[in-house]
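Worksheet for the structure shown next.
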Amino acid sequence: LVSNVHGKVIIINDDWCNGCLECAVACSIVHTGDIALDRAHIMVCKTGEERFVPLTCHHCETPSCVRACPTKACHQDLESQRVLIDPNRCIGCRSCVTACPFGHAHYDEVARISTKCDYCDGAPECEKICETHAIRYVSADEVSQPAKRGAGLVRAAVRLRGRRATTAGG
Amino acid sequence: LVLWGPLVAAAGASLLILHLGRNWYLFFTAGRNPRTSWLARGFSILLSFIVLGCAVLLVDVFVPAWAQSHAVIAHVTEALGVIAALGTAIYTGILIQSNTWIPAWNVRLRPASGLPLLPALFLLSALSTGSMGVLMGASVHRLVTGNASADDLMGAIDVLEIVLLVLEAAVLTLYVRNMRLGKPEAALSAQMLLRGAWRLRFWIGVVGAALAVPFILDVVNLGLSQRVIAGVAAVSVLVGGAVLRLAILGIGIKETPPLYRRSEWQRAHPRQVPWPCDDELRW
């Protein structure tokens, strides 16, 4: 769907996603230094119709994860409009994992902290590597409301029906 | 016996710390966000209970009885300790219920309004398991020392436990009933509990061990005060209480966000039939 950072948003068109998982591989390499799909911050859902939908954090305006975090490790960066988790302050209580209505934040069993999509500081690797351009990182002004809604609805429908089979988050 | 409770709570709290992740040693920062986080509030409540309870215990052990009765500060500490103990008993339910996206944890007395039932259920269960823990301690104490001074206490706990079990059964029935009548995810949770993957743990662990078995044993034991019967009932309640918490956590299913439901509707009605619940999109 859509996330804000420096006035730019990620939009996902699942019609173009072929389920190659390169986005998840790139994400895990950038964030963990290893190819570990279960540690990637982007999750690729697979539906019964053999459709694939990459899922990232929505960076909500009023994030449930931030409200639930007891240590303020999960916080909202006002400048970039991102919701971030400070790895040095996260105690791994998993409150954010339970609180996120979209099931995005997840607990990294290796790093033993909660992690989530941080938009790679404004240059998402998933978008760079996506050959089919199913993931795009564009200015919010360039995205019309119907396009946002359409992209969101398609992805949402798949999420509703589908299960996280091939994903990175397991 | 009751005064040793804070030490048991401290031992339990250390298990919570063990469950944390890489930065476990920063556990003391868990109270930094009390404005919005129930976990932070719970941290403060639990810490208060342990500190106040230990203070009361130290006073009881080291200060002579005549001096205790004249010390106002000791009474104030005791009163605050009782408040913190009740807070500790009820906050877990509130913490779980604060996850508003999980309908099974947000069941109320009346649909969409009224008293939240989960905190009430957890409070009753905490009182029930706590009193049975004391009873078990008293039984062991008598067995080891042969001192019969706690026999009156055991008889009183027996009666109290029967009342608590009846109340807990009533709240649990209401909770499961309202869950079945609630949102689709809540109804699915209820199905998991009653007939699905959690049915054995629910019927045997919760209904059997936490409610039925101790109730029967307590009623049988009313005039007898048999230590063995009381001990079996206590173990049964403690095991059942743990299974109850496990089952409640296990059946939690996140609600499908309204936007997702709208998408499903539009897929099912491709001819632009208006979505009937646009108000829901305000979330």
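The values are calculated or read from the model by the stated rules, or taken from the named source; none is laboratory data. The structure displayed is predicted, hence computed values, not measured ones. Quick reminder, even Gly has a Cβ in these numbers, built from the backbone with ideal geometry, and neighbours come from all protein chains shown. Note: areas computed on protein heavy atoms with side chains; ligands, DNA, RNA excluded. Shrake-Rupley method; radii C 1.70, N 1.55, O 1.52, S 1.80 Å.
Some values worked out for this structure:
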{"read-out": "222 nm mean residue ellipticity, helices alone, for chain B (DSSP H n ≥ 4; -39,500 (n - 2.57); rounded to 500)", "value": "-22000 deg cm²/dmol"}
{"read-out": "Sulfur and carbon atoms: percent of accessible area, region A:1-101 [1.4 Å]", "value": "50 percent"}
{"read-out": "Euclidean distance of C-alpha centroids, region B:1-30 and region A:118-143, integer Å", "value": "43 Å"}
{"read-out": "At least 30 Å² accessible surface lost relative to isolated chain, residues of region B:98-121 (1.4 Å probe)", "value": "B:Asn99, B:Trp101"}
{"read-out": "Extension gain from A:Glu142 to A:Arg112, taking 0.36 nm per residue of separation minus the Cα-Cα distance", "value": "7.0 nm"}
{"read-out": "B:Leu15 paired with B:Leu167, simple spin-label distance in nm, labels 7 Å along Cα-to-beta-carbon", "value": "2.5 nm"}
{"read-out": "Protein accessible area in region B:14-148, 1.4 Å probe - carbon and sulfur %", "value": "74 percent"}
{"read-out": "Restraint check, A:Lys8/A:Lys128; A:Lys116/B:Lys254; A:Lys8/A:Lys116; B:Lys183/B:Lys254; A:Lys46/B:Lys183, Cα-Cα greater than 22 Å", "value": "A:Lys46/B:Lys183"}
{"read-out": "B:Val63-B:Val8 pseudo-label distance in nm [points 7 Å out on the Cα-to-Cβ vector]", "value": "2.4 nm"}
{"read-out": "Exposed-loop-free span, longest in chain B, where trypsin sites (Lys or Arg not before Pro) count as exposed if DSSP calls them loop and at most 12 other C-beta atoms lie within 10 Å", "value": "B:36-194"}
{"read-out": "Most mobile listed residue (B:Ala71, B:Ala190, B:Ala30) in chain B, GNM with C-alpha springs under 10 Å", "value": "B:Ala71"}
{"read-out": "Chain B - percent relative contact order, Cα under 8 Å, separation 6 or more", "value": "16 percent"}
{"read-out": "Helix runs (DSSP H) in chain B reaching 18 Å along axis by Cα, Kyte-Doolittle at least -1.0", "value": "B:5-18, B:38-62, B:72-97, B:117-145, B:151-180, B:227-250"}
{"read-out": "Listed residues B:Thr145, B:Thr77, B:Thr29, most fluctuating in chain B (Gaussian network, C-alpha, under 10 Å)", "value": "B:Thr145"}
{"read-out": "Shielding by other protein chains, A:93-104, mean Cβ within 10 Å", "value": "5"}
{"read-out": "Size of the B/A contact, given as accessible area buried on both chains, probe 1.4 Å, in Å²", "value": "3000 Å²"}
